[in-house]
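K.L.:
Shown below is the structure under consideration.
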Amino acid sequence: MQNFTYQNPTRLVFGRGQIAKLAKLIPADAKLMVTFGGGSVRRNGVYDQVKAALEGRDYIEFWGIEPNPRVETLRKAIEQGKASGINYLLAVGGGSVIDGTKLISAAIASDIDAWDLVLKGSDRGGIPLAAVLTIPATGSEMNSGAVISREETHEKFPFYGRYPEFSILDPEVTYSLPDYQIACGLSDIFVHVMEQYLTTPDQSRVMDRWAEGILQTVIEIAPMIRANKTDYRTMSDFMFSATMALNGYIAQGVTEDWATHMIGHELTALTGMTHGASLAIVLPATMSVLREQKRDKILQYGARVWGIDGGSLDSRIEQIISRTREFFHSLGLAVTLTEAGVGAEVIDTIAERFNRTGVHHGEAANVDGEMTRKILTECL
Ligand code: NZQ
Ligand code: ZN
C-alpha cells in the first residue's frame, strides 16, 4: 500500500425523513442561498420538504443549474450571491447542482472569474456549502470535486473546491428518478470504482475487496431496481454505493486511473451525452486497448466479480471485456458511439485537443492524444 493521509470532513445524514433536520444542521445566522436544478424537486416533494424545514429562515433561491452545469449559468448565481452577502449554500439536487454549487462557493469568496477558477483547478477557500442529494451517481455529496462545462467553447473540466459540510441522503427521494438517469447513475458508480481498482495489482487486499464489493452490489441491484424502483432497501444500497464509490475512501493507498472519465468528459462537452452514458462506451474500449498493461487486474476482476476463471488468458480477457459491455447494455445504455448516434468525427477533435494540451491521462500517464484515438476508434 502507498502512504496516505485520509480525512473526509462531510457529515452524512442518511435515511427517511432526514431532510427535516436541515434547520438544525445549517447555522442559525447563515445568510443562505439554496440552489436547484430544473424542477424535478418541485414534482417529487423534495422542494416542499426543504421549504418546511427552512420555515422562518431567511434565504434566497437560485433555480436552473442544468445537467453538466455551465459556468454561464453559475455566474448568475455568483453575482446574486455576492450582491446579497450570501455566506452559506445549500445544493438540492444531483451531481450537477452540487458541483455547480462548489464553484459558486469558491467564486463568491474570490475575485477571480469563475472560469479562471476552473482552469486553476482548485480553490478550497470558498464559503461553506451543504447538500440534499436527489440522485445517486457522482459522489459529489461527499467529495470536493466538481466538473464544470463552458457552453461557449464546448469544454468540460474538473475543479476541486470545498467538501460539503453535510449531505442528506434520503433514499425515498430517488423513487421519482427516470429509468435513464438510474442507468447512467449505476454506470457512473461502476466506473468510479473501476477507475480506482483496475490499475496496479497487489497494492491492497482490503481496498481491492471494498472495490469488488461495490461492483458486486451494483451488479446485483441493477435488475432489482429495474423491477421496482421504490423498494427502500434496494434504493438505499444504490445511494450508499454511489457515495462510497467516490468519497475518496477506496482510493487510499492505491493507484488511480481516470482516463475513461477524461475521455468521457470530452464526449459530453462535444455531444451533450449524459456522463454515465459516455463511460459505458469508453470503459470497455479502454480495457481492450490497455489489456496488456491492465492484464493482471482484469483477470482478478473477471474472476472475483464475474466468476470468469477458465480458458486461456487471452480468451478470458476477451470474455471479461464482453461481460462488462453486456452489463452496460443490460442497463439500457449504448456501448458504442455508433449505437449512441455519435459520428467518428469526434475522434479527431478529441485526439487533437489532447495533443494540443499535451495531456497524459491514466495510471501509467500514457493516455495521450494518440492513445485516445485508439480507444475512441475501438468505441465505434
Ligand atoms: O435538474 P432537475 O430537474 O433536478 O433534474 C435532474 C436532471 O435532469 C434529474 N433528477 C435528479 N434527481 C432527480 C431527478 N429527476 C427525478 N427525480 C429525482 N430524484 O436527473 C437529471 C440529471 O441530474 P444530474 O445532477 O446532472 O446527474 P448526476 O448526479 O449524474 O450529475 C452529473 C454531473 O456530475 C459530474 C458529471 O460530469 C456531470 O456534470 N460528475 C461529478 C463528479 C464529482 N463531483 O465528483 C464525478 C463524476 O465522475 C461526474 O463527472
Ligand atoms: Zn463519473
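The values are calculated or read from the model by the stated rules, or taken from the named source; none is laboratory data. The model shown is predicted, which means the values in this text are computed figures rather than measured ones. So basically every Cβ, Gly included, is an ideal-geometry build from the backbone, and we count neighbours across all protein chains shown. Calculation scope for accessible area: heavy atoms of the full protein, side chains included, ligands and nucleic acids excluded. Shrake-Rupley method; radii C 1.70, N 1.55, O 1.52, S 1.80 Å.
K.L.:
Determine whether W306 is within 16 Å of ligand 1 (Cβ to nearest atom), open to solvent by 20 Å² or more (accessible area, probe 1.4 Å) and not assigned by TED's automatic domain parsing to the domain that holds R70.
P.N.:
Judged against the criteria, W306 is not a match.
K.L.:
Which members of segment 114-158 meet the condition of being of a type in the set (D, E, K, R) and within 16 Å of ligand 2 (Cβ to nearest atom)?
P.N.:
E141, K156 - these are the residues of segment 114-158 that are of a type in the set (D, E, K, R) and within 16 Å of ligand 2 (Cβ to nearest atom).
K.L.:
Just checking, which of I375, I308, I347, I317 is out of contact with any Lys or Arg (no Cβ under 9 Å at 6 or more places or on another chain) and either free of Cβ contacts under 8 Å to residues at least 60 places away in the same chain or of a type in the set (A, V, I, L, M, F, W, C) (or both)?
P.N.:
On inspection, the qualifying residue turns out to be I375.
K.L.:
What pairs can you find where one residue is in segment 249-267 and within 13 Å of ligand 1 (Cβ to nearest atom), the other is part of a helix (DSSP H, G or I) and of a type in the set (G, A, S), and their Cβ atoms are less than 8 Å apart, with a gap of 6+ or different chains?
P.N.:
Correct list of pairs: I263/S278; G264/S278; H265/S278; L267/S278.
K.L.:
For segment 202-240, which positions are among the small types (G, A, S), farther than 16 Å from V254 by Cα and open to solvent by less than 10 Å² (accessible area, probe 1.4 Å)?
P.N.:
The one that is among the small types (G, A, S), farther than 16 Å from V254 by Cα and open to solvent by less than 10 Å² (accessible area, probe 1.4 Å): A222.
K.L.:
Also, quick follow-up: Among the residues of segment 252-263, write down those that are within 11 Å of ligand 2 (Cβ to nearest atom) and either part of a helix (DSSP H, G or I) or small (G, A, S) (or both).
P.N.:
T260, H261, M262
K.L.:
Out of the residues in segment 99-121 that are within 15 Å of S140 (Cβ to Cβ) and small (G, A, S), which is surrounded by the most Cβ atoms within 10 Å (Cβ to Cβ)?
P.N.:
Per the criteria, the residue is G100.
K.L.:
Right, here's the next one. Within segment 264-277, is there a residue that is under 20 Å from I148 (Cα atoms), assigned to a helix (DSSP H, G or I), of a type in the set (S, T, Y) and away from ligand 2 (no atom under 16 Å from the Cβ)?
P.N.:
Yes, segment 264-277 contains at least one residue that is under 20 Å from I148 (Cα atoms), assigned to a helix (DSSP H, G or I), of a type in the set (S, T, Y) and away from ligand 2 (no atom under 16 Å from the Cβ).
K.L.:
Oh, and also: Any residue at all in segment 141-154 that's more than 12 Å from ligand 1 (Cβ to nearest atom), touching a Ser or Thr at 6+ places or on another chain (Cβ under 8 Å), in the same structural domain as I26 (by TED's automatic domain parsing) and acidic (D, E)?
P.N.:
The answer is no; no qualifying residue exists.
K.L.:
Just to be sure I understand, how many residues within segment 309-331 are open to solvent by 10 Å² or more (accessible area, probe 1.4 Å) and over 21 Å from the mean Cα position of the chain (by Cα)?
P.N.:
Total satisfying the criteria: 13.
K.L.:
Can you tell me how many residues within segment 63-110 are within 20 Å of E165 (Cβ to Cβ) and either in a helix (DSSP H, G or I) or hydrophobic (A, V, I, L, M, F, W, C) (or both)?
P.N.:
Of the residues in that region, 25 qualify.
K.L.:
Further, regarding this structure: When you check I225 against the structure, is it within 20 Å of the chain's Cα centre (by Cα), more than 21 Å from R16 (Cα to Cα) and of a type in the set (A, V, I, L, M, F, W, C), yes or no?
P.N.:
In short, no.
K.L.:
Return a yes/no flag: does segment 117-126 have any residue that is more than 18 Å from the chain's Cα centre (by Cα), assigned to a loop (DSSP other than H, G, I, E, B) and basic (K, R).
P.N.:
Looking for residues that are more than 18 Å from the chain's Cα centre (by Cα), assigned to a loop (DSSP other than H, G, I, E, B) and basic (K, R), one finds at least one in segment 117-126, hence yes.
K.L.:
Would you confirm whether any residue within segment 77-98 is open to solvent by less than 30 Å² (accessible area, probe 1.4 Å), aromatic (F, W, Y) and within 21 Å of the chain's Cα centre (by Cα)?
P.N.:
Within segment 77-98, none of the residues are open to solvent by less than 30 Å² (accessible area, probe 1.4 Å), aromatic (F, W, Y) and within 21 Å of the chain's Cα centre (by Cα).
K.L.:
Say we look at segment 19-44 and pick out the residues that are open to solvent by less than 20 Å² (accessible area, probe 1.4 Å) and part of a loop (DSSP other than H, G, I, E, B); which of these is farthest from ligand 1 (Cβ to nearest atom)?
P.N.:
If we take residues in segment 19-44 being open to solvent by less than 20 Å² (accessible area, probe 1.4 Å) and part of a loop (DSSP other than H, G, I, E, B), then A30 is farthest from ligand 1 (Cβ to nearest atom).
K.L.:
Right, next: Are any residues in segment 50-62 open to solvent by less than 70 Å² (accessible area, probe 1.4 Å) and not in a loop (DSSP other than H, G, I, E, B), and if so, which ones?
P.N.:
V50, A52, A53, Y59, I60, E61, F62
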